[in-house]
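Before any comments, here is the structure.
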2 protein chains.
Amino acid sequence: MVPMIQTGLELMTLKELAEHLGLSPTTVSRALNGFPEVSEATRKKVQAAADTYGYRPNYRARSLATGRAMAIGHVIPMASEHEMMNPVFTDFIAGAGEVYAKNGYDMLISIVPDQHQEQAYQDFKSKGSVDGIIVHAPRAGDRRIHMLNEVGIPFVVHGRASDAHEPYNWVDMDNKRAFHRATDFLLDLGHRRIALINGLEDMDFAIRRRAGVKEALEGRGITPDESLFFSNEMTEFNGYETGRRLLAIQDPPTAFLVSSIIPAIGLRRAIREAGLDVGRDVSIIIHDDDLSYLSNASGGQEPQFTATKSSVRDAGRKAATMLLDIIESGDTAPRTALMEANLILGRSTGPAPNRTTT
Amino acid sequence: MVPMIQTGLELMTLKELAEHLGLSPTTVSRALNGFPEVSEATRKKVQAAADTYGYRPNYRARSLATGRAMAIGHVIPMASEHEMMNPVFTDFIAGAGEVYAKNGYDMLISIVPDQHQEQAYQDFKSKGSVDGIIVHAPRAGDRRIHMLNEVGIPFVVHGRASDAHEPYNWVDMDNKRAFHRATDFLLDLGHRRIALINGLEDMDFAIRRRAGVKEALEGRGITPDESLFFSNEMTEFNGYETGRRLLAIQDPPTAFLVSSIIPAIGLRRAIREAGLDVGRDVSIIIHDDDLSYLSNASGGQEPQFTATKSSVRDAGRKAATMLLDIIESGDTAPRTALMEANLILGRSTGPAPNRTTT
DNA sequence: TAAATGCTCCAAACCGCTTTGGATGCCTGA
DNA sequence: TCAGGCATCCAAAGCGGTTTGGAGCATTTA
């Protein structure tokens, strides 16, 4: 049962293993892959020999023969100027990777300049190196979904494309609802000047979050002040800088909705530098992707930030599971999964302060 | 010259392309791969046809024939309990990925539970899915280096293993020197109670950083107070928690050396909560991996933290370049690259405050 | 002029595995 | 006793490329 790992020895091929056993490659292959045409006795013998010699099938050969690559591709876009590496990829990929590993799939990652993205997907298909693809960070007017549908390779989108009019598989968090609820909560606390520090505005999630905020404001008869809505890459510095500028205006916001914990950390820095207190003078609600190394949890205490929370790692697991299921079942009926975010109370929110100007 | 991308069509094989051209597969293959046995005229014709039909060679088939996988493997350990995903991986991988893409290599990533790591490397080799491996996060007593040397697959270590007595390829930052210099700088400012918030203590980089600190202290005739040295996973919360506890002791440190910007953000939070001022009451020097989304730079201004800075993305590029070079040259003479960190002045350091107790 | 040389191109083997279509031997039932 | 059925196993043909060892032909060289 326990495999005897042999290091430093020449690798063994199926043919060699078959010779050792005095069997044909056919039989050995079938024995190892659990086909019924081989007797239980020989199967045991073959399995034992494979373990002893540390035989492992060559994936390239197998995949050439079966037509299955046993690998999933992820394309990670690289905006060349910023050299920006989105931190949520890390956790998403960690989640997906768990699922792949459990099912014997490899994970192929391509770092691709933005402008070569479509070509990269084409290549995945034509080079035959993957069985399916995860599409990250869909944007408004994203052509990838249409393209992949045409190419006919299984794929799952992490997020949605609002303007895609064809069916496709996706796993998404209910961004609009989450930010609607968060806004409602701030309104309930008496806040009226509410700023939004969002991700890049052509990102689908950013569009939905903004829509959620507007919807909530309008639901209370408040005209959204678009001058308080900001879109940018979600870096610590951008959060800091936006906060600094906003706190210096005439009638500064009393509350901030922030799309990620990272810019929120910058925002908090700006607030403190302005001599204000988070949670008392200024409220913050973040969206918390539950990143493992930037946890919003505070070891049993109340979280630092009030947050809409949804684990992006879990989204990775869900997307990977969905994709593998599509590939292995061959059933192409479009699947979707909408995850709900929890609104979790932390120390960064409080009632709107009384201003000299009410 | 411009390839006409054909979507939705059946993929074309080399054999089919050859038939279309009235040539043999041999000639087509050679034409496309630039062998001299084919005339310039036919090469042009073949190339043009390949472009028109959007032909791309199947990587699995090619790699089976050539014995080269055209892929590099990265194993990312996953400590199952913590579900920790080290953020520096992201940037390192981004750097390496650029180099792979430029050279036509794929990047294979395996998320592997800590205890199955060695098996994962074995598998990489025996499954034949990669030509080389990058080893991440070497630890004290790390068996991977010995194992990979035995297995005989090209690899480059990001970091070093202090106790490895055999040659191997590595790319590392001079951790000891960086922390020595940082400590010297704090000593010059008059600090004597210096704390270290380090990474997990069996990590090689953590060992070297600690050694650098001790060496500097001893160089000035100061006996290191080991009760001020902490090792833990580099999360925001751990930085916060360690800071909180240390600031509450009898004779708290006046300066902190922190192994990453992430726990430093937590530490800063703790310092502010204690009503103290970073840079005046308490000094901080971090090591800055130059993560793209957590930049220490402040848009033209002085950086937030004084830091020893070395781009981990750049390390990724260097390691990938080294590995590809080893693979393609076949030259196994061990290579090493030691990167120097810059000591960059920010707003988090100042002279040691005068205590009532001098 | 005959042999040697180059230049192009091709047939076929091969990479390591899967899978189709038997082949073999033994057992059953009529 | 013999056809038919079943359980095992195998030879050989792929999968889609690369590569070895020529073949065919025009051009030089002796």
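When B:S129 is tested against (1) at the interface with chain A (Cβ under 9 Å from one of its Cβ atoms); (2) touching a residue at least 60 places away in the same chain (Cβ under 8 Å); (3) not in a loop (DSSP other than H, G, I, E, B), only condition (3) is not met. Regarding the stretch A:117-126, can at least one residue be identified that is surrounded by fewer than 23 Cβ atoms within 10 Å (Cβ to Cβ), modelled with pLDDT of 90 or more and of a type outside the set (K, R)? Within the stretch A:117-126, none of the residues are surrounded by fewer than 23 Cβ atoms within 10 Å (Cβ to Cβ), modelled with pLDDT of 90 or more and of a type outside the set (K, R). Taken over the stretch B:50-69, the residue count meeting the criterion of being within 8 Å of DNA strand C (Cβ to nearest atom) and small (G, A, S) is 3.
Each row is one residue, and each column tells you yes or no for (1) within 21 Å of the chain's Cα centre (by Cα); (2) away from chain B (no Cβ under 12 Å).
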position: A:D202; (1), (2): yes, yes
position: A:E215; (1), (2): no, yes
position: A:R220; (1), (2): no, yes
position: A:P252; (1), (2): no, yes
position: A:A264; (1), (2): yes, no
position: A:L267; (1), (2): no, yes
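Return yes when B:P36 is within 16 Å of DNA strand C (Cβ to nearest atom) and not aromatic (F, W, Y) and no when it is not. Taking the combined requirement at face value, the residue satisfies it. Hey, among the residues in the stretch B:293-310 that are polar (S, T, N, Q) and buried (at least 22 other Cβ atoms within 10 Å of the Cβ), which one's farthest from the other protein chains (Cβ to nearest Cβ)? Filtering the stretch B:293-310 for residues that are polar (S, T, N, Q) and buried (at least 22 other Cβ atoms within 10 Å of the Cβ), the one farthest from the other protein chains (Cβ to nearest Cβ) comes out as B:T308.
Give the stretch A:218-267 a look and list any residue that's touching a residue at least 40 places away in the same chain (Cβ under 8 Å) and either of a type in the set (D, E, K, R) or not assigned by TED's automatic domain parsing to the domain that holds A:S283 (or both), or say none. Across the stretch A:218-267, the qualifying residues are A:E233, A:D251.
Answer with yes or no whether B:R60 is within 14 Å of DNA strand D (Cβ to nearest atom) and assigned to a helix (DSSP H, G or I). Judged against the criteria, B:R60 is a match. Summed over the stretch B:316-338, the residues that are small (G, A, S) and within 14 Å of chain A (Cβ to nearest Cβ) give a count of 2. The test for being touching a strand residue (DSSP E or B) at 6+ places or on another chain (Cβ under 7 Å), charged (D, E, K, R) and open to solvent by less than 20 Å² (accessible area, probe 1.4 Å) holds for B:D204. All but one of (1) buried (at least 19 other Cβ atoms within 10 Å of the Cβ); (2) at pLDDT 95 or above; (3) in a helix (DSSP H, G or I) hold for B:V171; which doesn't? Tallying (1) buried (at least 19 other Cβ atoms within 10 Å of the Cβ); (2) at pLDDT 95 or above; (3) in a helix (DSSP H, G or I), B:V171 fails exactly one: (3).
Look at the stretch B:27-50: where a residue is assigned to a loop (DSSP other than H, G, I, E, B) and a partner is within 12 Å of DNA strand C (Cβ to nearest atom) and among the hydrophobic types (A, V, I, L, M, F, W, C), sitting 6+ places away or on another chain with Cβ atoms under 8 Å, you get B:V38/B:A31; B:V38/B:V46. Taking the stretch B:21-45 as the range and being in contact with a Leu (Cβ under 7 Å, 6 or more places away or on another chain) and within 11 Å of DNA strand D (Cβ to nearest atom) as the test, the residues that pass are B:P25, B:V28, B:S29. Among residues of the stretch A:58-75 being more than 7 Å from chain B (Cβ to nearest Cβ) and open to solvent by less than 50 Å² (accessible area, probe 1.4 Å), the one that is farthest from the chain's Cα centre (by Cα) is A:G67. Listed by first and then second residue, the pairs linking a residue in the stretch B:10-24 that is open to solvent by 60 Å² or more (accessible area, probe 1.4 Å) to a residue that is within 14 Å of DNA strand C (Cβ to nearest atom), with Cβ atoms under 7 Å apart and 6 or more places separating them unless they lie on different chains, are B:K15/B:P25; B:H20/B:A49. Which of the following residues is over 30 Å from A:R68 (Cβ atoms) and buried (at least 20 other Cβ atoms within 10 Å of the Cβ): A:G275, A:G239? Just one listed residue meets the conditions, A:G239. For B:Q47, the criteria (1) under 29 Å from A:A65 (Cα atoms); (2) within 11 Å of chain A (Cβ to nearest Cβ); (3) away from DNA strand C (no atom under 11 Å from the Cβ) hold in every case but one, which is (2). Tallying residues that are over 30 Å from A:A71 (Cα atoms) and open to solvent by 20 Å² or more (accessible area, probe 1.4 Å) within the stretch B:127-168 yields 9. Taking the condition of being at pLDDT 90 or above, more than 8 Å from chain A (Cβ to nearest Cβ) and in a helix (DSSP H, G or I), how many residues in the stretch B:78-105 meet it? Total meeting the criteria: 5. Assessment of the stretch B:331-353 against the conditions (at pLDDT below 90 and outside any strand (DSSP E or B)) yields at least one matching residue.
For the stretch B:79-97, the condition holds for no residue, the condition being that it is touching a residue at least 40 places away in the same chain (Cβ under 8 Å), within 16 Å of DNA strand D (Cβ to nearest atom) and not assigned by TED's automatic domain parsing to the domain that holds B:S260.
Looking at the structure I just gave you, is B:R192 in contact with a Leu (Cβ under 8 Å, 6 or more places away or on another chain) and open to solvent by 50 Å² or more (accessible area, probe 1.4 Å)? Taking the combined requirement at face value, the residue does not satisfy it.
Of all residues in the stretch A:153-168, those satisfying the criterion of being in a loop (DSSP other than H, G, I, E, B), over 30 Å from A:L217 (Cβ atoms) and touching a residue at least 24 places away in the same chain (Cβ under 8 Å) are A:I153, A:P154, A:P167, A:Y168.
The values are calculated or read from the model by the stated rules, or taken from the named source; none is laboratory data. As the structure is a prediction and not an experimental result, all values here were calculated from the model. Cβ atoms come from the backbone with ideal geometry, glycine included; neighbour counts cover every protein chain shown. To get the accessible areas, we keep the full protein, side chains included, count just its heavy atoms, and leave off ligands, DNA and RNA. Shrake-Rupley method; radii C 1.70, N 1.55, O 1.52, S 1.80 Å.
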